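Report on the structure given below.
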Amino acid sequence: MWIDAGSYLLSCFILSSLRYEKSLDIEKAKEPFMANMAAGAIYFRKHPWRFWFLLATLMPFIIIMVTNYVFPIYVNQVLEAAGDVYGMSELLLAMGAMTAGWLIPLLVKRFQEVKLICITMGVFLAGSIIMLGLPNTPVFLGVAILLGFGNAGSRVLRNTLLMKWVPKNRIGRVHAVLRVIGLGIRIILIGLFTEVIHRTSIFPVFIVFVSLIGVSLLVVINCSKFNHTYNSVQGLQESVKPPR
């Protein structure tokens, strides 16, 4: 408890020391929830490839949330291990996330965010495949690090791209659309997996995990081509603008 409290206090101190300058002077207005959702949907209608890209990069986070239900059953029924194995996996998952939080900002200075997010999702996919093919405790604990790294890395890079692509007065609305869709997918998956585990076993769940991440990675790779084309066109338009 004291460690958690100290961590929050340290975070508050670090955040309060950051310099912030207000760049937009927008009057506070209470808009209905559906109006905000509609504004986010309108933005995605104008940029459909960004919608599919951001939604696909949300999949590692969705799966990590669903594993809060799946992993305890996996540890108990498949690994036949005690609860401390699950606790250790949570610790290693956090360590992988911390590694991503430290390493990704350094890599962004040398590589493009779109390429890095393909790598982090690839790491997450590799961990999921290994867990499916080698169901034993040491592998499960090692894979937890990969899943933590892949999820946190994808999340950091997605938020970075979100802030780069979306105007500041639209970020909240766009992010709300993604959060609502992500929550809906999580509810559907948990309901589906509950029935699947009850009727069969837990292994079909991991097959679905691998399939979802694999398809999402393909979507990200294909959408990154649109991003490259879009940036090239924008750069060409900027270069041919007459001087003022």
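So the values come out like this:
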item	result
Candidate set: the stretch 75-133, residues that are modelled with pLDDT under 90 and acidic (Asp, Glu); chosen: the one most open to solvent (accessible area, probe 1.4 Å)	Glu80
Pick from the stretch 17-57, criterion more than 23 Å from the chain's Cα centre (by Cα) and among the hydroxyl-bearing types (Ser, Thr, Tyr), ranking: modelled with the lowest pLDDT	Ser23
Filter result for Pro72 (in a helix (DSSP H, G or I), open to solvent by 10 Å² or more (accessible area, probe 1.4 Å), under 21 Å from Val156 (Cα atoms) and not small (Gly, Ala, Ser))	no
Residues (farther than 25 Å from Leu79 by Cβ, surrounded by 16 or more Cβ atoms within 10 Å (Cβ to Cβ) and in contact (Cβ under 8 Å) with a residue 60 or more places away in the chain) located in the stretch 134-169	Ser154, Arg155, Leu157, Arg158, Leu161, Leu162, Trp165, Val166
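Residue-by-condition table, conditions (1) part of a helix (DSSP H, G or I); (2) of a type outside the set (Lys, Arg); (3) under 21 Å from Ile63 (Cα atoms):
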| residue | (1), (2), (3) |
| --- | --- |
| Leu103 | yes, yes, no |
| Arg110 | no, no, no |
| Leu116 | yes, yes, yes |
| Phe124 | yes, yes, yes |
| Ile129 | yes, yes, yes |
| Pro135 | no, yes, yes |
| Gly142 | yes, yes, yes |
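The values are calculated or read from the model by the stated rules, or taken from the named source; none is laboratory data. Since the structure is predicted, the reported quantities are computational estimates derived from the model, not experimental observations. Glycine gets a Cβ as well: all are built from the backbone with ideal geometry, and neighbour counts include every protein chain shown. Note: areas computed on protein heavy atoms with side chains; ligands, DNA, RNA excluded. Shrake-Rupley method; radii C 1.70, N 1.55, O 1.52, S 1.80 Å.
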